[in-house]
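First up is the structure itself, then whatever we jot down about it.
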Amino acid sequence: MKIGLGFDIHKFSKKRKLYLGGIEIPYTKGLLGHSDGDVLLHAICDGILGALGKPDIGCYFPDKDSRFKGIRSTEILKEVLKIMERERFKIKNVDIVLLCEEPKLSPFYENLRENLSNLLSIEKENIGLKAKTFEKLGEIGKGKAIACMAIVCLDKI
Ligand code: MG
């Protein structure tokens, strides 16, 4: 068994769609990034890579590389899962904390868990997901960014 911790943060931008956990969340802004800015999937990817003792997704998908401009983070996750499978591991469970002042994400928890269940090939019961506000403190609290932490537990196949 191996455990990894992932963290990511992305700023909001008016001209973007908001993608979290591979789904589009209706909101007036989205997250800025070289990819679709899916902070939740990025944190999961880094958790998986961290558990395997590997560097973060920036090393595999550099933001200087135009091949990855606008890439959906579901594609990044697929590549990370391939790396994990090559090492003969599978995901046992994940626990995710989103740090987000707005929008309110609780109405999307079930959709998100359902989608993550499909993407990660694990049961919904093995996916913990919650969003916390930052009590209006700092940049996240002003609604300028969303951050995400994810802890991932891998099991040897
Ligand atoms: Mg990122």
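The values are calculated or read from the model by the stated rules, or taken from the named source; none is laboratory data. As the structure is a computational prediction, the values presented were derived from the model and not from experiment. Ideal geometry is used to build each Cβ from the backbone, glycine not excepted, and the neighbour counts take in all protein chains shown. Just so you know, the surface numbers come from the protein's heavy atoms only, side chains and all, with ligands and any DNA or RNA stripped out. Shrake-Rupley method; radii C 1.70, N 1.55, O 1.52, S 1.80 Å.
Within the stretch 66-88, restricting attention to residues that are away from the ligand (no atom under 14 Å from the Cβ) and not in a helix (DSSP H, G or I), the residue that is least open to solvent (accessible area, probe 1.4 Å) is Glu87. Against the condition open to solvent by 70 Å² or more (accessible area, probe 1.4 Å) and within 11 Å of the ligand (Cβ to nearest atom), how does Leu5 come out, does it pass? For Leu5, the condition - open to solvent by 70 Å² or more (accessible area, probe 1.4 Å) and within 11 Å of the ligand (Cβ to nearest atom) - is not met. When Leu112 is tested against (1) surrounded by fewer than 16 Cβ atoms within 10 Å (Cβ to Cβ); (2) touching a Gly at 6+ places or on another chain (Cβ under 8 Å), exactly one condition is not met: (1). The lone criterion from (1) in contact with a Gly (Cβ under 8 Å, 6 or more places away or on another chain); (2) at positive phi left unmet by Arg88 is number (1). Residues of the stretch 94-119 that are under 15 Å from the mean Cα position of the chain (by Cα) and assigned to a loop (DSSP other than H, G, I, E, B): Cys100, Leu105.
Apart from one condition, His34 fits all of (1) crowded, with 21+ Cβ neighbours inside 10 Å; (2) within 13 Å of the ligand (Cβ to nearest atom); the exception is (1). Pairing each residue of the stretch 81-105 that is of a type in the set (S, T, N, Q) with any residue that is at pLDDT 95 or above and surrounded by fewer than 15 Cβ atoms within 10 Å (Cβ to Cβ), provided the two are 6+ apart or on different chains, yields C-beta distances under 8 Å for Asn93/Gly128. Residue count for the stretch 54-65 satisfying the condition of being outside any loop (DSSP other than H, G, I, E, B) and away from the ligand (no atom under 11 Å from the Cβ): 2.
Only one entry of Lys11, Lys29 meets the criterion of being more than 13 Å from the ligand (Cβ to nearest atom) and open to solvent by 30 Å² or more (accessible area, probe 1.4 Å), and that entry is Lys29.
Within the stretch 126-150, being open to solvent by 80 Å² or more (accessible area, probe 1.4 Å) and out of contact with any Lys or Arg (no Cβ under 9 Å at 6 or more places or on another chain) holds for Lys132, Glu135, Leu137. Pick from Ile122, Ile91: which is among the aliphatic types (A, V, I, L, M), more than 23 Å from Gly30 (Cα to Cα), open to solvent by less than 20 Å² (accessible area, probe 1.4 Å) and in a strand (DSSP E or B)? Residue meeting the stated conditions: Ile91.
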